[in-house]
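> First, the structure itself, so that you have it in front of you.
The values are calculated or read from the model by the stated rules, or taken from the named source; none is laboratory data. The model shown is predicted, which means the values in this text are computed figures rather than measured ones. Cβ placement follows ideal geometry from the backbone for every residue including glycine, while neighbour counts extend to all protein chains displayed. Just the protein is used for accessible areas: all its heavy atoms, side chains included, with ligands, DNA and RNA removed. Shrake-Rupley method; radii C 1.70, N 1.55, O 1.52, S 1.80 Å.
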Amino acid sequence: SIAGEWGASANTVALITGVLGGVISAVGCILGGWVCDRMDRKHAYVWFGILQAGSGIAMALLPHTQVLFVVWVSIYTFTCGLTYAAFSAFVLEVIGKGAAATKYNALASLSNVPIYYMTNLDGWAHDHWNSAGMFFTESGLAVGSAMLFIALVKMLRRRRSPSQA
């Protein structure tokens with residue numbers, strides 16, 4: 001529904017959200033996995049989410065043209081791949097080896113709950129404030145969630161005794 005605001009044709013939308021989008025996301029997943037093997041997975045997850053929020057803010061603020069639609073949807077899709085990889089790396093690190101397949105699938109299934117609600121919230125925000133308002137809403141919630149995640153990690157680290165660290 002937002003493509004029309006950028007003058008993006010149906011073929012452009014099909015291309016960038018279809019096969020090309022899948023390839024771009026896969027490249028993001030591969031690079032994200034590589035990065036997660038070289039840094040703390042929690043930090044990667046937060047930073048990738050902030051990058052994704054930045055792409056949404058850029059899309060809201062920059063001119064609404066078909067070319068920029070392709071550019072920013074591609075960047076958003078790439079950062080989505082990064083966050084998918086970081087989520088998987090983080091979850092796999094947390095669950096350990098016992099009943100790993102069951103625990104991973106349970107957590108992956110639960111991760112669809114906020115995605116469902118975010119999709120509905122995006123639709124509501126778009127209906128009330130247009131696509132720019134939708135992007136600001138989504139990006140604001142992503143940054144707020146990153147800040148909450150960082151605060152929780154710090155709080156949990158402080159609660160652990162030095163012998164447990």
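> Any residue in the range 81-90 that is out of contact with any Cys (no Cβ under 9 Å at 6 or more places or on another chain), open to solvent by less than 70 Å² (accessible area, probe 1.4 Å) and modelled with pLDDT of 90 or more? Give the derivation first.
Pass one, the range 81-90, residues out of contact with any Cys (no Cβ under 9 Å at 6 or more places or on another chain): 83, 87.
Pick out the ones that are also open to solvent by less than 70 Å² (accessible area, probe 1.4 Å) and you get 83, 87.
In the following step, the residues that additionally are modelled with pLDDT of 90 or more were identified as 83, 87.
Looking through the range 81-90, at least one residue is out of contact with any Cys (no Cβ under 9 Å at 6 or more places or on another chain), open to solvent by less than 70 Å² (accessible area, probe 1.4 Å) and modelled with pLDDT of 90 or more.
> May I pose another question? Going by the structure shown, is VAL73 open to solvent by less than 60 Å² (accessible area, probe 1.4 Å), part of a helix (DSSP H, G or I) and touching a Gly at 6+ places or on another chain (Cβ under 9 Å)? Spell out how you get there, then give the answer.
Working: open to solvent by less than 60 Å² (accessible area, probe 1.4 Å): yes; part of a helix (DSSP H, G or I): yes; touching a Gly at 6+ places or on another chain (Cβ under 9 Å): yes.
So VAL73 passes the test.
> Okay, moving on. Tell me which residues, restricted to the range 28-48, are open to solvent by 70 Å² or more (accessible area, probe 1.4 Å), under 12 Å from THR79 (Cα atoms) and touching a residue at least 40 places away in the same chain (Cβ under 8 Å).
Of the residues in the range 28-48, the ones open to solvent by 70 Å² or more (accessible area, probe 1.4 Å) are 30-31, 34, 37-39, 43, 45, 47.
Pick out the ones that are also under 12 Å from THR79 (Cα atoms) and you get 30-31, 45, 47.
If the condition is that a residue be open to solvent by 70 Å² or more (accessible area, probe 1.4 Å), under 12 Å from THR79 (Cα atoms) and touching a residue at least 40 places away in the same chain (Cβ under 8 Å), then ILE30, LEU31, TYR45 are the ones that fit.
> Give the range 49-70 a look and list any residue that's without any contact (Cβ under 8 Å) to a residue 60 or more places away in the chain, outside any loop (DSSP other than H, G, I, E, B) and of a type in the set (A, V, I, L, M, F, W, C), or say none.
LEU51, ALA58, VAL67, listed by residue number.
> For the subset of the range 91-100 comprising residues that are open to solvent by 70 Å² or more (accessible area, probe 1.4 Å), within 23 Å of the chain's Cα centre (by Cα) and free of Cβ contacts under 8 Å to residues at least 40 places away in the same chain, which member is farthest from ILE30 (Cα to Cα)? Steps first, answer last, please.
Of the residues in the range 91-100, the ones open to solvent by 70 Å² or more (accessible area, probe 1.4 Å) are 92-94, 97.
Going one step further and asking which of them are within 23 Å of the chain's Cα centre (by Cα), we end up with 92-94.
Then drop every residue that is not free of Cβ contacts under 8 Å to residues at least 40 places away in the same chain, which leaves 92, 94.
Values: LEU92: 16, VAL94: 20 Å.
Among residues in the range 91-100 that are open to solvent by 70 Å² or more (accessible area, probe 1.4 Å), within 23 Å of the chain's Cα centre (by Cα) and free of Cβ contacts under 8 Å to residues at least 40 places away in the same chain, the one farthest from ILE30 (Cα to Cα) is VAL94.
> If you don't mind, another one. Taking the range 5-27, which residues are within 14 Å of the chain's Cα centre (by Cα) and farther than 13 Å from VAL73 by Cα?
Passing the criteria: only ALA26.
> Another question about this same structure. Identify the single condition in (1) among the aromatic types (Phe, Trp, Tyr); (2) farther than 30 Å from ALA8 by Cα; (3) open to solvent by 90 Å² or more (accessible area, probe 1.4 Å) that PHE149 does not satisfy, given that it satisfies every other one.
(3)
> Looking for something under 17 Å from SER1 (Cα atoms) and of a type in the set (Gly, Ala, Ser) - is there at least one such residue anywhere in the range 106-123?
Within the range 106-123, the subset under 17 Å from SER1 (Cα atoms) is 118-123.
Subsequent filtering for residues that are of a type in the set (Gly, Ala, Ser) retains 123.
The answer is yes; a qualifying residue exists.
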